[in-house]
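Asker: One structure, as structure tokens, below. Some questions next.
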Amino acid sequence: MTLAVIYALFLLYAVLRLFRRPAETEADYIVAGRRLTLPAFVATMVSSWYGGILGVGEYAWSYGVSNWLVFGAPYYLYAILFAVYLARRARRSEVLTLPELLHRRYGRTPALLGAITIFVMTVPAAYVLMLGVLVEMATGWPLWVGVTLGAVLSLSYVLRGGLRAIVGTDMVQFALMFLGFAVLVPVCVAKFGGWTFLREALPTTHLEWSGGRGFQAVAVWYVIAASTLVEPAFYQRCYAARDGKTAQRGLFISIGFWILFDFLTTTAGLYARAVLPDLDQPLAAFPRLAAEVLPPIWRGLFMTGLLATIMSTVDSYAFVAAITGGRDVWARLRGGEDETVSLRASRLALPLVGVLSIVLALWSGSVIELWHHLGSVGTPVLLLPVLTAHGSRRPDGPRVAWSMVLAATVSLIWLILGRGGPWLGVEAIFPGLAVSALVLLPSGRRVR
């Protein structure tokens, strides 16, 4: 608890001292003046894209090594594709946000539809829920108190400093997230034994590639992971990089760190199931394991690392949602192109995003379900329009708008009919993508 308080005081210092001068231009606020160096780029990419740490623990405790095949391998694959084909192009585009790119390529309506979709997908309810659970476990306070406190603490320093503040705190959060698991996993190995212990203590399905869930339950995440290609945080960091080379190299280095971290977290999840087979709340797998095996000082370090990991994503996604909702939706609907108005709208939207995140977090019971449902609807809407925006052949704006509306409608109805799961044996994301492809791919004009 003491270490967590020290960490909270550091964030308070960041608010009052490091970022006492608010960003005054959109470029400074949204993309840190396009000055991110390679170390800063890697630190903010690695930490901000891994806030779902308790959800990873939930899945690894429930389904074993398939955690790596669900939340690891597919995301590496698409991150590699992004680095190879999109990172340099994104930096060369000189836009500030993904909806702005859609506006330049297709016009106002597709840009607004894309912005609304991105807003819904980036409201960090799942991550705020994890913060609440973590605070509840550490203090015994009610969940709503933990959710509210975590959201306020995560967003306070972003309001003034924007992306500069996020990157500054991510440098510390990057170190803490690795340090915690670098302590936990070796202690588990030393205390309980290695592979032989796990093989004997785990259910047999936990060592199967699908975790006993079957092909489609794993395969659907390889489609949901395609959302990486339209991941707003990826684009924002690439827009903020010093140059295209920094963005591309930074992504490749980040993938290496994600692989290492996934090895640590999946291993910890296996130990959590082996040591705590009767755990009543799988979302708490990692904190409960730490409480079981670590002495107090190291337990505090681990819990602080979890806190930092989650907060690094809460601030990042809340920031993207606020920029999208304030600048790309509200300000543009009012017809305003004035930078001062857009910047004010983005700042005003941030507290509203925080409130919405708290409400959704308390309403939802599962991090995995939030990821699944939002990815199943949002990915079909954005994937092909964004990818074709980078290509030499592009459909016209009205066709893109229709593809977005139809893909969202089909995916959402399919999800409802399946009550959150497959309907007619098919996951909702597949018909949504099929509709988008049928509308967009037969068309396209060549552009220079």
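The values are calculated or read from the model by the stated rules, or taken from the named source; none is laboratory data. This structure is a prediction, so every number in the text was calculated from the model and none was measured. Note: ideal-geometry Cβ built from the backbone for every residue, glycine included; neighbour counts use all protein chains shown.
Asker: Need at least 1 residues that are acidic (D, E) and either in contact with a Lys or Arg (Cβ under 7 Å, 6 or more places away or on another chain) or more than 26 Å from Y222 (Cα to Cα) (or both) per element, so show me which helices (runs of 4 or more DSSP H) inside the stretch 23-95 make the cut, counting only ones lying wholly within it.
Answerer: Qualifying helices (runs of 4 or more DSSP H): 26-31.
Asker: Can I ask one more? Could you check A361 against (1) surrounded by fewer than 21 Cβ atoms within 10 Å (Cβ to Cβ); (2) in a helix (DSSP H, G or I); (3) of a type outside the set (S, T, Y); (4) modelled with pLDDT under 90 and say which number it fails?
Answerer: Evaluating A361 over (1) surrounded by fewer than 21 Cβ atoms within 10 Å (Cβ to Cβ); (2) in a helix (DSSP H, G or I); (3) of a type outside the set (S, T, Y); (4) modelled with pLDDT under 90 leaves (1) as the failure.
Asker: Here's a follow-up. Given the residues A125, A87, which is the only one that is in contact with a Cys (Cβ under 6 Å, 6 or more places away or on another chain) and either surrounded by 24 or more Cβ atoms within 10 Å (Cβ to Cβ) or among the hydrophobic types (A, V, I, L, M, F, W, C) (or both)?
Answerer: A87
Asker: Looking at the stretch 165-179, which of its residues are surrounded by fewer than 21 Cβ atoms within 10 Å (Cβ to Cβ) and within 22 Å of A268 (Cα to Cα)?
Answerer: A175, F178, L179
Asker: Inspect the stretch 289-301 for any residue being farther than 22 Å from Q173 by Cβ, of a type in the set (A, V, I, L, M), surrounded by fewer than 23 Cβ atoms within 10 Å (Cβ to Cβ) and touching an Asp or Glu at 6+ places or on another chain (Cβ under 7 Å) and give the result as yes or no.
Answerer: No: zero hits.
Asker: Would you check which residues across the stretch 193-206 are surrounded by 15 or more Cβ atoms within 10 Å (Cβ to Cβ), outside any loop (DSSP other than H, G, I, E, B) and among the hydrophobic types (A, V, I, L, M, F, W, C) and list them?
Answerer: Answer for the stretch 193-206, where residues must be surrounded by 15 or more Cβ atoms within 10 Å (Cβ to Cβ), outside any loop (DSSP other than H, G, I, E, B) and among the hydrophobic types (A, V, I, L, M, F, W, C): F197, L198, A201.
Asker: Here's another thing I want to ask about it. Confirm whether L9 is modelled with pLDDT of 95 or more, surrounded by fewer than 18 Cβ atoms within 10 Å (Cβ to Cβ), on the phi < 0 side of the Ramachandran plot and not β-branched (V, I, T).
Answerer: no
Asker: For the stretch 48-70, name all the residues that are under 15 Å from S227 (Cβ atoms) and either more than 12 Å from the chain's Cα centre (by Cα) or at pLDDT 95 or above (or both).
Answerer: Correct list: V70 only.
Asker: Please count how many residues of the stretch 71-122 are among the aliphatic types (A, V, I, L, M), within 22 Å of V56 (Cα to Cα) and at pLDDT 90 or above.
Answerer: So the answer is 4.
Asker: Moving on. Mind checking which residues of the stretch 270-296 are of a type in the set (A, V, I, L, M), part of a helix (DSSP H, G or I) and in contact with a Leu (Cβ under 8 Å, 6 or more places away or on another chain)?
Answerer: Of everything in the stretch 270-296, those that are of a type in the set (A, V, I, L, M), part of a helix (DSSP H, G or I) and in contact with a Leu (Cβ under 8 Å, 6 or more places away or on another chain) turn out to be L270, A272, A274, V275, L283, A284, A285, L289, A290, V293.
Asker: Please state which one of P385, P380, P395, P351 is surrounded by 20 or more Cβ atoms within 10 Å (Cβ to Cβ), in contact (Cβ under 8 Å) with a residue 40 or more places away in the chain and within 30 Å of E58 (Cβ to Cβ).
Answerer: Being surrounded by 20 or more Cβ atoms within 10 Å (Cβ to Cβ), in contact (Cβ under 8 Å) with a residue 40 or more places away in the chain and within 30 Å of E58 (Cβ to Cβ) holds for just one of P385, P380, P395, P351, which is P380.
Asker: Further, regarding this structure: At positive phi and more than 20 Å from the chain's Cα centre (by Cα) - does that describe any residue in the stretch 204-211?
Answerer: Yes, that holds for at least one residue.
Asker: Among the residues in the stretch 137-157, are any surrounded by fewer than 22 Cβ atoms within 10 Å (Cβ to Cβ), within 30 Å of R334 (Cα to Cα) and touching a residue at least 12 places away in the same chain (Cβ under 8 Å)?
Answerer: Yes, the conditions are met somewhere in the stretch 137-157.
Asker: Among the candidates R327, R332, R344, which residue alone is over 19 Å from the mean Cα position of the chain (by Cα), assigned to a helix (DSSP H, G or I) and modelled with pLDDT of 90 or more?
Answerer: R327
Asker: Criterion first (closer than 14 Å to A182 by Cα, in contact with a helix residue (DSSP H, G or I) (Cβ under 6 Å, 6 or more places away or on another chain) and touching a residue at least 12 places away in the same chain (Cβ under 8 Å)) does T304 satisfy it?
Answerer: In short, yes.
Asker: Let me ask something else about it. Take the stretch 274-300 and flag every residue that is of a type in the set (G, A, S) and within 17 Å of N67 (Cβ to Cβ).
Answerer: Of everything in the stretch 274-300, those that are of a type in the set (G, A, S) and within 17 Å of N67 (Cβ to Cβ) turn out to be A274, A284, A285.
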